[in-house]
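Read the structure below first, then the notes.
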Amino acid sequence: MTARPWWRGAALYQIYPRSFADSNGDGIGDLPGIVRKADYLQWLGIDAVWLGPFYPSPMVDFGYDVSDYTGVDPIFGSLGDFDELVTALHARGIRVVVDFVPNHSSDRHPWFVESRSSRTARRRDWYVWADPAAGGGPPNNWESYFGGNAWEFDPATGQYYLHTYHRTQPDLNWANSEVRQAMADVLRFWLARGVDGIRVDVLWILAKDPALRDNPLNDQWQPGEPYWHRQVRRYSEDQPEAHTHARFIRAVIDEFPDRVMIGEVVLPAERAVAYYGVAQDEAHLPLNFSLAELTPWSPQTLRAAIDDYLGSLPAGAEPNWFLGNHDFERITSRLGQRMARLAQVLLLTLPGTPLLYYGDELGLPNGRIPVDLMSDPQAVAFPERSREAARTPMQWDTTAHAGFSTATPWLPVSRPGAKWTVGQQHKDPASMLSLVRSLLYYRAKNPALRDGNYAPLPVTDPRMLAFTRTSGDRGVAVVASFADEVMPAPACPDGQWTVLLSSAANNDPQILKPMEGKVLEMTRHTSAAGERQAGIRS
Ligand code: NOJ
Ligand code: CA
């Protein structure tokens with residue numbers, strides 16, 4: 001019997017390092033800043049932290065353009081600071097997952113500098129180079145996610161290089177075995193340093209059609225939809241070899257015991273789950289974008305998204321969920337405060353591994369970013385799709401700049417005022433922070449919530465969503481109402497419910513307040529009231 005891996009059912013917390021805590025007063029968050037907040041993370045009750053990129057980088061894509069895969073950018077600190085961070089989090093029982101950006105480097109990376117130096121350079125083939133099309137111009141019609149054609153002409157050598165993202169982010173050539181070996185060594189470097197897992201950036205894009213065929217146009221595309229859906233990316237992503245590369249990465253991670261591989265896979269559920277691998281030898285957790293991309297947000301679309309996703313999972317695969325991240329708008333702005341509370345209830349009670357985005361535990365809304373501060377390459381190309389709104393500083397207290405920094409932060413705080421701070425919300429039992437912390441507490445404590453079987457619970461009104469989680473003799477139900485009026489709660493199928501927790505301060509198990517999400521437990525199985533008193537301290 002092997003022990004249950006730590007990441008199954010674990011609650012992950014995503015930190016955007018620039019925006020969590022600034023230790024040295026330059027307005028930019030850093031690794032020692034995160035160390036200072038280690039007690040907060042432990043208090044909150046998360047199991048693991050996923051750190052966005054902190055590697056040396058020109059920061060065109062805020063760290064997703066890496067110029068040295070095995071260093072720490074001086075903005076964020078040093079390797080010594082990184083080691084201290086791992087030690088501090090491990091000492092508090094918190095695991096550490098780091099970002100790994102294998103699809104592209106920065107154009108300042110010495111590998112690319114060498115690759116572009118001549119057609120015969122030793123590392124020429126480490127990137128994706130191609131001749132101009134027959135009549136001149138780019139080799140094919142592939143589009144960059146940051147706008148325009150994905151090929152950049154290099155006058156010195158007369159060829160184009162591929163950049164799926166910004167032109168300063170050339171795509172590495174994963175068909176080249178030296179590239180794969182170099183990237184394996186990068187992984188080993190961080191795994192040997194004690195990280196507990198790796199989040200692989202754009203895993204599904206690592207392989208490209210060797211013949212570089214044109215992508216078909218998407219004739220369903222409507223203005224207003226994300227521009228990156230204008231093409232059906234048939235040949236530029238989700239190629240069979242991407243699975244070969246996923247297995248390769250997994251094998252390296254498996255050289256170290258007890259590590260997790262998380263893969264970014266922005267695809268419809270049935271294609272995303274293929275990245276668990278036929279023999280479950282690819283990502284442990286191919287990220288599930290269904291909730292983050294759900295439009296409209298309604299009980300019908302949610303039920304369909306949950307059923308679709310759970311229904312397409314291979315046996316034994318661990319589900320995962322998140323509401324947003326550094327690439328999406330804030331969940332509170334998407335749904336409003338009350339619905340965002342309901343959404344946190346769902347996130348932290350659905351079966352599997354949830355990923356919580358920093359600041360969402362305070363219900364932070366989108367920041368209002370002055371145009372002159374917008375430097376996200378996606379915002380530069382498409383201002384209506386700025387990702388900066390969700391990257392504003394974490395708000396700690398009522399001192400200057402919300403306690404994030406002693407200097408003007410790189411992005412303004414989302415909303416000034418005590419209401420939006422950890423300092424205020426931790427004292428307030430009705431706050432979003434108290435709700436999220438209680439949810440995390442019950443997840444950790446109650447085996448039904450953490451590992452229990454999932455089953456939909458029939459509801460009598462289409463404006464409701466409900467499911468049960470059961471483990472041995474423990475059972476809970478999660479019921480959510482999307483209605484604007486008070487509704488009767490679904491009947492307990494077996495026994496009587498008591499309220500463990502409500503997003504709307506409602507202790508009555510019989511009714512649901514407008515937009516309430518609630519966790520109910522069978523009274524006959526356990527003394528929920530006693531547990532509540534013993535567990536939650538502020
Ligand atoms: C996905 C990351 O989440 C995003 O922030 C980044 O811009 C692209 N990958 C390119 O690395
Ligand atoms: Ca700093």
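See the values below:
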item: Environment charge of Asp376, counting only residues whose C-beta is closer than 14 Å and scoring Lys/Arg +1, Asp/Glu -1; result: -3
item: Helix 240-253 vs. the chain, principal-axis angle (Cα, 0 to 90°, nearest 10); result: 70
item: All-pairs alpha carbon distance profile, the stretch 127-208, 5 Å steps from 0, percent; result: 3, 13, 19, 21, 16, 12, 8, 5, 2, 1, 0
item: Net charge, Glu152 excluded, C-beta distance under 12 Å - Lys, Arg +1, Asp, Glu -1; result: -1
item: Charge context of Val35, other residues only, Cβ under 14 angstrom, K/R +1, D/E -1; result: -3
item: Accessible solvent surface per residue of the chain, calculated while the other protein chains remain in place, 1.4 angstrom probe, Å²; result: 38
item: Radius of gyration and Dmax over the Cα atoms of the chain, both given in Å; result: 23.5, 77
item: ³J(HN,Hα) computed for each position of the stretch 60-76 - Karplus, 6.51 cos²θ - 1.76 cosθ + 1.60, integer Hz, glycine/proline x; result: 5, 10, 6, x, 7, 10, 8, 10, 7, 6, 10, x, 10, 5, x, 4, 9
item: Three-way shape label, the stretch 452-534, alpha-carbon gyration tensor, a/c 1.5; result: oblate
item: Segment Asp372-Leu212, extension gain: residue separation times 0.36 nm, minus the distance between their alpha carbons; result: 53.8 nm
item: Inter-centroid distance (Cα atoms) of the stretch 222-239 relative to the stretch 344-376, Å; result: 25
item: Built amide H within the under 5 Å cut-off of Tyr13, gap 5+; result: Ala48, Val49, Trp50, Leu356
item: The chain: calculated mean residue ellipticity at 222 nm from DSSP helix runs of at least 4, using -39500 (n - 2.57); result: -7000 deg cm²/dmol
item: In the stretch 199-301, the GluC sites (Glu not before Pro) that fall in loop regions by DSSP, at most 15 other Cβ within 10 Å; result: Glu255, Glu293
item: Nearest 10 degrees, 0 to 90: helix 432-445 Cα axis against the chain principal axis; result: 80
item: Length-normalised contact order of the chain in % [C-alpha pairs under 8 Å, at least 6 apart]; result: 12
item: Share of carbon and sulfur in the accessible heavy-atom surface of the chain [1.4 Å probe, %]; result: 53
item: Lysine-lysine proximity count for the chain, Cα under 27 Å, sequence distance 8 or more or distinct chains; result: 11
item: Cα-centred dipole magnitude for the chain, charges only on beta-carbon of K, R (+1) and D, E (-1), debye, nearest 20; result: 1120
item: Volume per residue that the Cα convex hull of the stretch 250-333 spans, once the total is divided by residue count, Å³; result: 106
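The values are calculated or read from the model by the stated rules, or taken from the named source; none is laboratory data. As the structure is a prediction and not an experimental result, all values here were calculated from the model. Heads up, the Cβs are rebuilt from the backbone with ideal geometry, glycines too, and the neighbour counts pull from every protein chain shown. Protein only, heavy atoms only, side chains kept; ligands, DNA and RNA dropped before computing areas. Shrake-Rupley method; radii C 1.70, N 1.55, O 1.52, S 1.80 Å.
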